[in-house]
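A.B. asks: Can you keep this structure in mind? I'll have questions shortly.
The values are calculated or read from the model by the stated rules, or taken from the named source; none is laboratory data. This structure is a prediction, so every number in the text was calculated from the model and none was measured. Using ideal geometry, Cβ is built from the backbone for each residue, glycine included, and neighbour counts are taken over all protein chains shown. These area figures cover heavy atoms from the full protein model, side chains too; ligands, DNA and RNA do not enter into them. Shrake-Rupley method; radii C 1.70, N 1.55, O 1.52, S 1.80 Å.
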Amino acid sequence: MLKKTYSKGPQNIITDDFQVIRLSEGCPNKCPWCFEHKEIGEAWKVFPIPKIVRREVRITDMNLLAKTEALGLIQSFKDIRVDGKVVYPWLVCGIDYRFLTSEIAQALKDSRFVNIHIAWDWRYSDQKKIKKSVDMLKKVGYRDISIFMVCNHPAVSYRENCKKLDMCKYWGCKVNDCFFDNQISPDIIPVAWKPDDIKAFRKMVRKHNQIVGFG
């Protein structure tokens, strides 16, 4: 069971350097590790874009692309300016490959979305679907693409993630090892993986990202 909680409603937090916003609630996937409130289910909510006052905009929606309004919201950022300068939004929780289309991929690029991540939390057998999304994003010009993988959860084994990591080498994608319940090293408590597996996977991911980063 998740120990962390995920707040409801729109979000608009302004710091000295960036702005954090939430534009929607709800996700149809109901993944066991997700922070999205289960009682929301498919009773999705979409909120208007607040006034943007920082050039870096972090969008914290769990699954913005699942909403029918997603394309329009993404396209809206193309014309937003702060002091006459363009903004650079990014989807903090990553892209759900199930809802990515060529049109959305192009809109992300046109609206200058950065820090592109694809969520590959489930099984190795989804590799062809993930690769299709990677190819869509590369076709519109993205080169620095990362893959989110949930770790230390009963639904996805250490061995499964190792196979996924190997596949990412062929694609030239970096990997973000996301430990269940938002645990961060060095305070990761073993939930479903052995301590040695946790250490080994983190080490492999670091080496993998170095290799991909240096080409």
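A.B. asks: For the stretch 158-204, what is the accessible area per residue in Å², given a 1.4 Å probe and the full set of protein chains?
C.D. replies: 59 Å²
A.B. asks: Taking the alpha carbon gyration tensor of the stretch 89-190, what are the square roots of 5 times its eigenvalues, largest first, to the nearest whole Å? All intermediate terms of the calculation are to be shown ahead of the outcome.
C.D. replies: Working: eigenvalues 119, 47, 24 Å².
Over the Cα atoms of the stretch 89-190, the ellipsoid semi-axes are 24, 15, 11 Å.
A.B. asks: What angle do you read, to the nearest 10 degrees and between 0 and 90, between the alpha-carbon axis of helix 127-139 and the longest principal axis of the chain?
C.D. replies: Approximately 40 degrees, to the nearest ten.
A.B. asks: Here's another thing I want to ask about it. Contact order normalised by length for the stretch 93-215, with contacts defined as Cα pairs under 8 Å and 6 or more residues apart; what percent is it?
C.D. replies: 24 percent
A.B. asks: Report, by chain and number, residues whose modeled amide H sits under 5 Å from the one on Tyr88, excluding near sequence neighbours (fewer than 5 apart, same chain).
C.D. replies: It is Glu56, Val57, by chain and number.
A.B. asks: Using the eigenvalues of the Cα gyration tensor, what equivalent ellipsoid semi-axes result for the stretch 131-215 when each is taken as the square root of five times the eigenvalue, whole Å, largest first? Working shown, then result.
C.D. replies: Values: eigenvalues 122, 34, 25 Å².
Each semi-axis is the square root of five times an eigenvalue, giving 25, 13, 11 Å.
A.B. asks: Moving to a separate point now. Holding the Cα-Cα limit at 18 Å, pick out from Lys128/Lys163; Lys128/Lys203; Lys174/Lys194; Lys131/Lys163 the pairs that are longer than that.
C.D. replies: Pairs exceeding 18 Å: Lys128/Lys203; Lys174/Lys194.
A.B. asks: Share of the chain's accessible area from carbon and sulfur, percent, 1.4 Å?
C.D. replies: 53 percent
A.B. asks: Then there's this: Need the list of aspartates and glutamates near Lys139 for cross-linking: C-alpha distance under 17 angstrom, and skip anything on the same chain fewer than eight residues off.
C.D. replies: Glu103, Asp110
A.B. asks: Here is a follow-up. Just name one of Pro154, Gly213, Thr101: the one whose Cα is farthest towards the positive end of the charge dipole of the chain (beta-carbon charges, Lys/Arg +1, Asp/Glu -1).
C.D. replies: Gly213
A.B. asks: For the chain, take the longest principal axis of its alpha carbons; what is the angle in degrees between that and the long axis of helix 195-213, to the nearest 10 within 0 to 90?
C.D. replies: 60 degrees
A.B. asks: Over the chain, with a Gaussian network built from C-alpha contacts below 10 Å, which listed residue (Phe47, Phe148, Phe113) shows the highest mean-square fluctuation?
C.D. replies: Of Phe47, Phe148, Phe113, the most mobile in the Gaussian network model is Phe47.
A.B. asks: Run the dipole for the chain about the Cα centre, Lys and Arg Cβ at +1, Asp and Glu Cβ at -1, nothing else charged, and hand back the magnitude in debye, nearest 20.
C.D. replies: 560 debye
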